[in-house]
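The block underneath contains the structure these notes are about, expressed in structure tokens.
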Ligand code: NI
């Protein structure tokens with residue numbers, strides 16, 4: 001299924017405090033593959049992600065307890081641009097140590113950024129909305145986005161992953177006081 005940014009419905013993004021954000025999301029049953037339910041969920045995730053200026057969005061963030069997330073890679077992140085992809089029931093094989101530091105933000109924790117250590121690379125095994133297997137490796141920023149979104153499926157948000165809370169800051173202060181030149185990314 002080809003996903004376009006203007007298909008689907010914009011859904012409300014829930015924020016920290018909503019119980020669904022802290023639950024382990026349910027695996028999508030095989031009977032749901034290829035159904036209207038799953039296709040609509042995928043389209044809504046992509047639409048909402050673009051409307052709210054995120055690069056990723058997980059189903060729990062729109063209060064849907066399902067192991068599904070959408071993301072894409074913008075061109076300016078020093079790697080090839082990637083069109084939106086929706087992963088269903090993903091499994092990750094993490095590679096290397098949790099050693100790569102980077103700034104993260106989250107549509108469900110609006111206005112805040114913090115430094116998070118992530119694995120530099122990983123392997124993904126998942127299916128698409130039709131149940132077709134998807135398998136690939138990701139590095140760097142790509143691997144970071146996937147780790148952030150995957151955490152949402154287990155009720156984990158980026159602040160839980162921060163080793164040092166002193167880097168937690170509001171966006172305007174981040175712009176003003178960090179020396180970062182990269183545009184901030186919210187996932
Ligand atoms: Ni997030």
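Observations on the structure shown:
- Conditions (1) within 16 Å of the ligand (Cβ to nearest atom); (2) within 18 Å of residue 66 (Cα to Cα); (3) surrounded by 16 or more Cβ atoms within 10 Å (Cβ to Cβ); (4) in contact (Cβ under 8 Å) with a residue 60 or more places away in the chain; number of the one not met by residue 128: (1)
- Answer from 69, 158, 141 - the residue that is within 15 Å of the ligand (Cβ to nearest atom) and within 19 Å of residue 42 (Cα to Cα): 69
- Pairs are defined by a Cβ separation below 8 Å, a sequence spacing of at least 6 or placement on different chains, a first member in the range 93-105 that is farther than 11 Å from residue 120 by Cα, and a second member that is within 16 Å of the ligand (Cβ to nearest atom) and in a loop (DSSP other than H, G, I, E, B); the pairs so defined are 103/184; 103/185; 104/185; 104/187; 105/184; 105/185; 105/187.
- Only a single criterion out of (1) at pLDDT 95 or above; (2) over 18 Å from the mean Cα position of the chain (by Cα); (3) assigned to a loop (DSSP other than H, G, I, E, B) is not satisfied by residue 163, namely (1).
Residue-wise test of (1) within 12 Å of the chain's Cα centre (by Cα); (2) modelled with pLDDT of 95 or more; (3) surrounded by 14 or more Cβ atoms within 10 Å (Cβ to Cβ).
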| site | (1), (2), (3) |
| --- | --- |
| 76 | no, no, no |
| 82 | no, no, yes |
| 98 | no, no, yes |
| 104 | yes, yes, yes |
| 144 | yes, yes, yes |
| 179 | no, no, no |
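- Selection count, the range 96-114, where residues are away from the ligand (no atom under 15 Å from the Cβ) and touching a helix residue (DSSP H, G or I) at 6+ places or on another chain (Cβ under 8 Å): 1
- Residue 155 being over 27 Å from residue 2 (Cα atoms) and surrounded by 12 or more Cβ atoms within 10 Å (Cβ to Cβ): yes
- Checked against (1) within 17 Å of the chain's Cα centre (by Cα); (2) assigned to a loop (DSSP other than H, G, I, E, B); (3) more than 18 Å from residue 105 (Cα to Cα), residue 15 meets all criteria but (3).
- Of all residues in the range 22-47, those satisfying the criterion of being touching a helix residue (DSSP H, G or I) at 6+ places or on another chain (Cβ under 6 Å) and touching a residue at least 40 places away in the same chain (Cβ under 8 Å) are 25, 38.
- Scanning the range 115-125 for residues that are closer than 29 Å to residue 17 by Cβ and either more than 16 Å from the ligand (Cβ to nearest atom) or more than 15 Å from the chain's Cα centre (by Cα) (or both) gives 115, 117, 119.
- Condition met for residue 46 (part of a helix (DSSP H, G or I) and in contact with a strand residue (DSSP E or B) (Cβ under 6 Å, 6 or more places away or on another chain)): yes
- Residue count, the range 75-89 (criterion: part of a strand (DSSP E or B) and in contact with a helix residue (DSSP H, G or I) (Cβ under 6 Å, 6 or more places away or on another chain)): 2
- Checked against (1) touching a strand residue (DSSP E or B) at 6+ places or on another chain (Cβ under 6 Å); (2) farther than 20 Å from residue 61 by Cβ, residue 130 passes all but a single condition, namely (1).
- Among all positions in the range 109-119, there is at least one residue which is closer than 26 Å to residue 4 by Cβ and at pLDDT 95 or above.
The values are calculated or read from the model by the stated rules, or taken from the named source; none is laboratory data. This is a predicted model, so every value here is computed, not measured. Reconstructed Cβ throughout: ideal geometry from the backbone, glycine too, with neighbour counts over all protein chains shown.
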